[in-house]
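Please treat every number below as a calculation from the coordinates, not as lab data. Everything numeric here is computed off the predicted structure, so don't read it as measured data.
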Amino acid sequence: MVSRVVTELGFTPIRTRITGRLRPTLQVMAERADGTPLTIDDCATISRTLSAAFELDDPMPGPYQLEVSSAGIDRPLVTRADFERFVGSSAEVTTVVPIDGRRRFKGRIAGVAEDRLAIDCEAGLAEVPLAAVADARLVIAREILAKPRPPARRTG
């Protein structure tokens, strides 16, 4: 239901997740189809429309909180298309089961072939079955924050 509503509004759904037990939060992450940043007004539009849809056909029993947000700089990678779109970008990938003795991989996305993700890590090229990916996200924010900044210049 969430994906359908978000898509009908002209946005691209990224991820829908339920967190918390006592008072669950339904987290909806979306982006604009044209690639421009999602605005606060966009989030409000999605939230209002989803809330109205939930009034008609409530998908969750009991009280919950709806949270709508953009994918952000450290965007989660959820689908094969996400990995293909961000080939060349840095990512962190955690797998459900160990692959060659590891569950965590960090490096540049080298590509996607058949049902395998290739990640260029420090230790070399790692191949991870897409079905084994538990969590993956871009690490652009961390790269930007780790870069030294020039000293602030005083004016006046």
Theoretical gain in end-to-end length, Ala44 to Glu122 [0.36 nm per residue, Cα-Cα removed] = 23.9 nm
Within the chain, helix-based [θ] at 222 nm, where runs of 4 or more DSSP H residues each add -39,500 (n - 2.57), nearest 500 | -7000 deg cm²/dmol
For volume of the Cα convex hull per residue in Å³ the list reads [x] 114; [y] 140; [z] 188; the calculated value is entry [z]
By DSSP, what percent of the beta bridges with both residues in the chain are antiparallel, rounded to the nearest 5?
-> 85
Cα-based helix-to-principal-axis angle, 40-56 vs the chain, degrees rounded to 10 = 50
Top mean-square fluctuation among Phe11, Phe86, Phe54, Gaussian network model of the chain, C-alpha springs under 10 Å?
-> Phe54
Quick one: among Glu67, Glu55, Glu31, which has the greatest mean-square fluctuation in a GNM of the chain with alpha-carbon springs under 10 angstrom?
-> Glu55
Run the numbers on the chain and let me know its relative contact order in percent, using alpha-carbon pairs under 8 Å that are six or more apart.
-> 18
Whole-angstrom gap from segment 1-25 to segment 89-141, using each part's C-alpha centre | 25
With springs only between Cα atoms under 10 Å, which of Ile109, Ile119, Ile99 fluctuates most in a Gaussian network model of the chain?
-> Ile99
Scalar couplings 3J(HN,Hα) for segment 72-86 by Karplus 6.51 cos²θ - 1.76 cosθ + 1.60 (θ = phi - 60°), nearest whole Hz, x for Gly and Pro, are x, 6, 9, 4, x, 10, 10, 10, 4, 4, 4, 5, 5, 5, 9
